[in-house]
Structure formats: structure tokens, C-alpha cells
Amino acid sequence: MQDFDLYLPTHIVFGKDKVNELPKLMAPFGKKVLLTYGGGSIKKIGLYDKIKDLLKDAEIFELSGIEPNPKIGSIRQGVKLCKEHNIDVILAVGGGSVLDASKNIAAGAFYDGDPWDLVKDNSKVGKSLPIVTILTLSATGSEYDASGVISNPETQEKLPIFGDFAPRASILDPVYTYTVPKNQTAAGACDIMSHTFEQYLVKNGNMLTDGFCESMLRTVIKYAPIAIKDPQNYEARAALMQASSFGCCGLLNIGRDFSPWPVHGIEHEVSAYTDITHGVGLAIITPRWMRYSLNEITAPRFAQYGVNVWGLDKNLPQLELANKAIEKTEEFFKSLGLPSSFSEIGIDDKHFEDMAKHLCDNWGDLGLALTPLTRDDIVAILRNCL
Ligand code: NZQ
Ligand code: ZN
């Protein structure tokens, strides 16, 4: 058992119509609000009007148009608004992209230079504005964690930012996810599973969190197909939303070996160059990374996954179980309608060397992955995705 340090400061309020608690949750932070959102889905689902109505007594400024894979340009605009209007609190409404951008804005509000500096060097992140969120897409876990991922198209980089800006409160109403299109629902499901794999597939786990991880995976495997077939199925949307929040909060990881999250590292590089949807990249890379990492030492962990998550016969040889579990994973992503190769989505090998170099220079120690990975290994995994 490894030592651990778990701090979960976010107040999660989950359920139908819980948005009505927004005024109470926002009250401690002040009246000058920066409302951040994306391309307009929150208007289509009536959430924008509802917020305006609920926060009648607040002074609301807005930053709209935050892109998927949020770009530093939007963050710069948000920081400017915070500084110009002495904003007290950010209300981030949307998917992971809006929430992540808001975290960079929250820290940028107290920083004198360019907010991209904070992404490049997280040690510069200091004080941050408080953030409250209303989540509309189950995927990233940004509603319950202290990190974000920001893209800079000028430098072709997509990098994480960590700071003391976990949301003070997050409202999770599964009904607001009824309109999430099938492809985003599938990508989100894959993202939740990937967050789990990144923490589950390490050399040494422990009984408690092996169970948490296996339960996360079984939940998504059961409910994602239902949500895709029947988008207004409350139980399915609720189960995905509940699972989403535990993906990145640290709970799945307690007492386990450190993981450098190799699949996320690789996906962020691909996304930096191609702007693909995060969960789509993960669906393509995950099975390749699993196969690349499979050997006699790692087989028991994959075999455990096959038995406890996919219900495979525990009497089969370990290596056979491991291979079957990886096949099941790949088939599942396909069954959700997710692409299964880079060529399917028009990505070639032009930048693979640059991606691998940037990853090794800027990410955690990939030598500590389940099977240690070098720069050449990253290129090989990327090639296997073509
Ligand atoms: O912009 P709008 O109009 O809101 O449309 C969005 C967007 O086009 C749409 N959408 C969201 N809620 C909707 C909806 N459409 C209809 N009905 C709704 N209720 O969905 C599209 C995608 O939204 P986005 O926020 O980009 O998706 P997601 O939540 O998957 O976030 C992805 C971003 O989060 C990062 C990813 O890398 C990516 O940049 N991640 C953040 C993490 C974190 N903070 O811890 C961890 C993750 O591993 C991930 O890297
Ligand atoms: Zn992710």
C-alpha cells in the first residue's frame, strides 16, 4: 500500500432540478459573476435563461464561445473580463472544455502576465477566483478535480494546468445531458473508462481501489449503450454523470502505484496537432497501448480486468485472458460508434516524431508506466494506431 494524500474540496449537488440551489451555492462568493460557456448548447437546453432568472440579483458578465479543446485565446479574453470588472466568482456552465478554461481564467485573474505562462509552468499558479460549475456533459471529471487542459494553436501544444482551483461547488443534473449527441456521449464514456484504466492498470493496486475501478468500468459498460440508444434515459445519464465525477478526483488512485497516465499524454499530443475530440483519440490509442504494454509480467493485471469487468472465465491462461480483455475493450468502443484507427479520421504519421519528443519533454515520467515507455515506444504505439 502506497501512502496517499486525498483532498476533495468540491461540494457536489446531484439530481433533477438541483440548479435551483444555484443562488444559495453562489452567495458566499460575491455578486460579480463571470458566466462562462461554449458554443450555445446551454441556450438550446434552456439552462442559460434559467441561470439568468435564478441570479437576478447578481451582476453577470459573460464569456461565450469557449471551444472544445479550449484555446488560450478564449482564456485571455476571460482574464481580461475578470480584471476589467473585478469579478468575484466564475460560473462555468458546460462540458470539460468550459470548466477547464475557467480554471485557467480563475488563476489568470491574479497573474500579471500571459495566462499561457501558468500552463507552461504550473508553479506560477497562485491564488484563483472561486469557481462554481453546472455540468452538461459526462466525461472529464473536471467538475470534481483541480486540473484543466488547455490548447495553444500557435505552439501546437495541449498541456495540463494544476492549481488550487477545484470548483467550490458543482451542480450535476443528468437531465441537462439528455441533448448530448451520440458521438459526444460515446467519447465521454470512453474518457471515463480511460481515466479509470490510467489508474487501475498499474503494477500494484489494492483491494479497495481495484474494486472502485472495476465498478466504474462496469457502470460505463452497462449504461453508455443505453444512453446512446435512449438519450433521455435518466438512470443511464445519471450513472454516467456519477461515474464521470470520480474519474479524476484522486479517489481511484489512493494507495496505488504512481501512474503517469500514458494514454492521456499521447492523446493530448495528437489533439494538439489535429484538434480531435479527446474521447475519440483515447478510443483509438487505448487498445494499442494495452497491447503494447502486455507481457508476462503485466498479464495478470489485464487478466484480472477481463475476469472482474468482462466476466471472462478465470480458469483460462492469464495471457489468453489478457488478450481477450483487450479485444473486448476494442470491440466495446467500436460498438459505441467510435472510430478505431487514425486513418479513419484522416490522421497520418507526419508529426509522430515531434509528438513523441514533446511528450517525453513535457509529461510525467513514462518510464514509470505499467510497461516503461521510451520516445521510440510512443512512436511505435502511434504507428499502430494508423
Ligand atoms: O460548446 P457547446 O455548445 O456547449 O457544445 C459542446 C461541445 O461542442 C457540446 N455539449 C456539451 N454539453 C452539451 C453539448 N451539446 C448538447 N447538449 C449538451 N448538454 O459537446 C461538445 C464537446 O464539449 P467539451 O466540453 O469539449 O467535451 P468534454 O466534456 O469531453 O471536454 C473535453 C475537454 O476536457 C479535457 C479534454 O482534453 C478536452 O480538452 N479533459 C479535461 C480533464 C480534466 N479537467 O481533468 C481530464 C480529461 O482527461 C480531459 O483531458
Ligand atoms: Zn480524459
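The values are calculated or read from the model by the stated rules, or taken from the named source; none is laboratory data. This one's a predicted model, so the numbers in the text were calculated from it and none came from an experiment. Quick reminder, even Gly has a Cβ in these numbers, built from the backbone with ideal geometry, and neighbours come from all protein chains shown. Quick note on the areas: whole protein, heavy atoms, side chains included, nothing else; ligands and nucleic acids left out. Shrake-Rupley method; radii C 1.70, N 1.55, O 1.52, S 1.80 Å.
Ignoring the sites themselves, the chain has its longest run without GluC sites (Glu not before Pro) in a DSSP loop having at most 10 other Cβ atoms within 10 Å at 1-153. Considering only ASP275, ASP191, ASP348, the mean-square fluctuation computed in a Gaussian network model of the chain, springs between alpha carbons under 10 angstrom, is largest for ASP348. I'd like the orientation of helix 207-229 relative to the chain: the angle between its Cα long axis and the longest Cα principal axis, in ° from 0 to 90, rounded to 10. Compared with the principal axis, the helix lies near 70 degrees. When both bridge partners sit in the stretch 11-176, DSSP labels roughly 20% of those beta bridges antiparallel. Partners of LYS314 within straight-line reach, counting lysines whose Cα lies under 23 Å from its Cα and excluding those fewer than 8 residues away in the same chain: LYS203, LYS222, LYS324, LYS328. Taking the DSSP beta bridges in the chain as the whole, what percent of them are antiparallel, to the nearest 5? Given both bridge residues lie in the chain, the antiparallel proportion sits at roughly 20 percent. The trypsin sites (Lys or Arg not before Pro) of the stretch 1-102 meeting both criteria, a DSSP state outside H, G, I, E and B (loop) and at most 15 other C-beta atoms within 10 angstrom of the site's C-beta, are LYS16, LYS31, LYS56. Of all aspartates and glutamates in the structure, the ones whose alpha carbon falls short of 14 Å from that of LYS127, not counting any fewer than 8 places away in one chain, are ASP88, ASP112, ASP164. Here is the list for the stretch 233-299: chymotrypsin sites (Phe, Trp or Tyr not before Pro) lying in DSSP coil, each with at most 15 other C-beta atoms within 10 angstrom of its C-beta, are PHE258.
When the Gaussian network model of the chain links Cα atoms closer than 10 Å, the mean-square fluctuations of PRO23, PRO160, PRO287 top out at PRO23. Just checking the listed ones, PRO317, PRO300, PRO260: in the Gaussian network model of the chain with Cα springs under 10 Å, the one fluctuating most is PRO317. Per residue, the solvent-accessible area of the chain (1.4 Å probe, heavy atoms of protein chains only, all protein chains present) comes to 41 Å². Overall shape of the stretch 180-384 was characterised from the C-alpha gyration tensor. The equivalent ellipsoid obtained from it has semi-axes of 24, 22, 16 Å, in decreasing order. Using only alpha-carbon positions in the stretch 18-94, the gyration tensor eigenvalues give semi-axes of 20, 17, 9 Å once each is multiplied by 5 and square-rooted (largest first). Using a probe of 1.4 Å on the protein chains alone, the accessible area found for ASP257 is around 30 Å². Share of carbon and sulfur in the accessible area of the stretch 281-355 stands at 46%, probe radius 1.4 Å. Please list, ordered by chain and number, the residues whose modelled amide H lies under 5 Å from the amide H of LEU336; skip anything fewer than 5 residues away on the same chain. Correct list: empty. Note on SER41: accessible area approximately 70 square angstrom, rounded to 10, probe 1.4 Å, nucleic acids and ligands left out. Every helix of 4 or more DSSP H residues in the chain counts as -39500 (n - 2.57), and over all residues that averages to -15000 deg cm²/dmol at 222 nm.
With N as its number of residues, the stretch 216-263 has a Cα radius of gyration that, divided by 2.2 N^0.38 Å, comes to 1.38. Across LEU34, LEU8, the residue with the most accessible area heads the list, and the full order at a 1.4 Å probe is LEU8, LEU34. The distance from the alpha carbon centre of the stretch 165-241 to that of the stretch 299-340 is 18 Å, rounded to a whole number. Taking all protein chains as present, what is the carbon and sulfur share of the accessible area of the stretch 11-176, in % to the nearest whole number, probe 1.4 Å? Carbon and sulfur: 49 percent of the exposed surface of the stretch 11-176. Normalised by residue count, the chain yields a Cα convex hull volume of 125 Å³ per residue.
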